[in-house]
1. Given Cα positions, please report Rg to Rh for segment 106-237, the hydrodynamic radius being the Kirkwood one.
2. Could you give me the radius of gyration and the Dmax of segment 114-184, taking only the C-alpha atoms into account and expressing both in angstrom?
3. In debye to the nearest 20, how big a dipole does segment 127-237 give about its Cα centre with +1 on each Lys and Arg Cβ and -1 on each Asp and Glu Cβ?
4. What is the mean projected area of the alpha carbon convex hull for segment 98-146, to one decimal in square nanometres?
5. Restricting to lysine pairs 8 or more places apart or on different chains, what number in segment 101-237 have Cα atoms under 15 Å apart?
6. By the gyration tensor of its Cα atoms, with a ≥ b ≥ c the square roots of the eigenvalues, what is the shape of segment 1-46: rounded for a/c under 1.5, prolate for a/b over b/c, or oblate?
7. Where Rh denotes the Kirkwood radius from the mean inverse Cα pair distance, what is Rg over Rh for segment 38-118?
8. Taking R0 as 30 Å, what's the FRET efficiency between VAL13 and ILE114 from their Cβ-Cβ distance, rounded to 0.05?
Amino acid sequence: MGDYTNMAGYYDVIMTSGYYDYAKIVDSLVSHHPERNVLEIGCGTGLILEELAKRQPKLPITGIDLTAPMLSIAQKRLAPFPTVSLSQQNITELALDDKHELAFSYGGVWYFVIDGDKEPFLVSHIADQHANELGFEHLAKHIAVGGTLLLGIQGPHHNYETTISNGMKYSQQIDPTDIGFTKHYFLHDGEQKLMDQTVHYRTYTFAEAKALMGAYGFEYVAEKDANQLFLQFKKVK
Ligand SMILES: C[S@@+](CC[C@H](N)C(=O)[O-])C[C@H]1O[C@@H](n2cnc3c(N)ncnc32)[C@H](O)[C@@H]1O
């Protein structure tokens, strides 16, 4: 279920070679005016949280992630920021002391894919249906009524190979499955394979996602901004 151990040591160089645009992600987050304790689910190595903490040094921030080697990189990165607290947790068993006004995930546990004019669909790092229900149930307990959940939007995934900033070759391969798709991630240095990782993703149509999330009090809020990087849900009960 979404274990990033194999990729952890190479994650930053792959992601900061253009895979994600962290400054833009944080621009979008900041436009939601986070004021109280913010929660990132699936914070990985802390690249988003570092940028957020730099821009809003007084904002209390919590990050959780399942994969210990990802979180240990985040811990080093975020050590200079006393407002950030990190904890190794699976979303399906999330247990934190506080309720949050704003929670978000960008490429973390759940995200949406939008392919052109088609309806968004939800992608989950968690393959099992019941575990997804548990994940939203536990997340819901940590968001205040009236609070917001933002889930990041990505383009469709496809097979490709690219040279990253250190000269290594990153490639990915997507295979459709009965429940969604499997994604294989590879990193090669010349002929030598340095990393491979496989994640089995479950997908939900937009109607299924709204029903799944609605069962735990998350209601979709349509936004007009075509350049938005997140879909927004309000915790209504
Ligand atoms: C693609 S990374 C995204 C990291 C970070 N948000 C970023 O933008 O760089 C996905 C992260 O989600 C975490 N993850 C996957 N399933 C999870 C779960 N069930 N509970 C908590 N974290 C999970 C993985 O460990 C991984 O660090």
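1. Reported Rg/Rh (Cα atoms, Kirkwood Rh): 1.03.
2. 16.3, 48
3. Dipole size: approximately 460 debye.
4. Seen from a random direction, the Cα hull of segment 98-146 projects 4.4 nm² on average.
5. Lysine pairs meeting the criterion: 7.
6. oblate
7. That ratio equals 1.00.
8. My answer for the efficiency is 0.65.
Since every read-out is calculated from the coordinates, none of them should be taken as a lab result. Just so it is clear, the structure is predicted and the values come from calculations on it, not from any experiment. All Cβ positions, even for glycine, are placed from backbone atoms using ideal geometry, and neighbour counts span all protein chains on display.
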